[in-house]
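For reference, the structure is listed below as C-alpha cells.
The values are calculated or read from the model by the stated rules, or taken from the named source; none is laboratory data. What you are looking at is a predicted structure, and each value in this text was computed from that prediction instead of being measured. Virtual Cβ from ideal backbone geometry, glycine too; neighbours counted across all protein chains shown.
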Amino acid sequence: MRCEPEGDVIAHMESFLGPIDGGWSKTEAGERLPFTVLRFSGAPIPGTATFVTLGLSDVALALPGRQLVRQEFLVSTYDRFHSASIVTALHDVAVDAARRGDALLRGSVCAGPFGLPGVVTDLYCAIPVFFPDSFHVWRGSDPPTVFVWLVPITTEEHRFVEEKGWESFEQILESQDPDLLDLSRLGLSLQ
C-alpha cells in the first residue's frame, strides 16, 4: 500500500479550507508529537476555524471485516474558543486510533473528558457535512483517506447514542439543528 507525500493531502485540505493559519507539532514542553494539528481560519464560515490532524493518514486503520482505510480527524468551532484544548483532544484521539489500529466509524463516540469548554465532554464521529462531499475523501492515498468530523457532545448525548443508536441521534441533530460550532452550546433535548 502506498501513501502519497503529505504535501498532496495538505493541498487537498487547503483547496477546501483555505491556507493553513497555524499548526502544532510539539507539546508546550517542546516534545515532538506523533501527529501535527493544523488550523484553518474562516472554514467552514467566517468567524470559525477548523483544526485537522496531519500524519494520521500515514497509518492504515482497519474497518470491520479488516478492510483498510486512512483517516484524518477534524473539529470545527468558532474562533473565540481557545485552541489548546481542541488541539489536545484531536491529538489524543489520533494517537489512540493509531495505537489500536482501528478506524473510527460514523456514530462512534470517543469518551472524554477532553477539557473542552462548556458541557461538551466527548467527541462524536460524523461525516463533515459543513464541507462539500468532494472534501470528505482524499483519493491520493491507497487506501483512500477519509476525513472524520469529531463533533463535541455532552455526556447525556453520548449515553443516548449508546442506548438508541447513532441513526436516532443524527435524526435529533437534524430536527433540533443545534449550533455544532458552539462548544458552549446547551445539550440537546433527548426526550
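The figures follow:
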| read-out | value |
| --- | --- |
| Single match in G107, G112 (criterion: among the small types (G, A, S), in contact with a Gly (Cβ under 9 Å, 6 or more places away or on another chain) and more than 21 Å from P46 (Cα to Cα)) | G107 |
| Condition broken by L173, with the remaining ones in (1) touching a residue at least 24 places away in the same chain (Cβ under 8 Å); (2) among the aliphatic types (A, V, I, L, M); (3) farther than 26 Å from A11 by Cα; (4) buried (at least 17 other Cβ atoms within 10 Å of the Cβ) satisfied | (1) |
| Unique match (being part of a helix (DSSP H, G or I) and hydrophobic (A, V, I, L, M, F, W, C)) among V151, V93 | V93 |
| Selection from segment 78-90 of residues that are surrounded by fewer than 21 Cβ atoms within 10 Å (Cβ to Cβ), in contact (Cβ under 8 Å) with a residue 40 or more places away in the chain and either touching a strand residue (DSSP E or B) at 6+ places or on another chain (Cβ under 8 Å) or of a type in the set (D, E) (or both) | Y78, S83 |
| Residue match in segment 72-86 (condition: among the aliphatic types (A, V, I, L, M), out of contact with any Lys or Arg (no Cβ under 7 Å at 6 or more places or on another chain) and at pLDDT below 95) | yes |
| Checklist (1) touching a residue at least 60 places away in the same chain (Cβ under 8 Å); (2) out of contact with any strand residue (DSSP E or B) (no Cβ under 8 Å at 6 or more places or on another chain); (3) under 20 Å from A11 (Cα atoms); (4) not hydroxyl-bearing (S, T, Y) applied to D142, failing item | (2) |
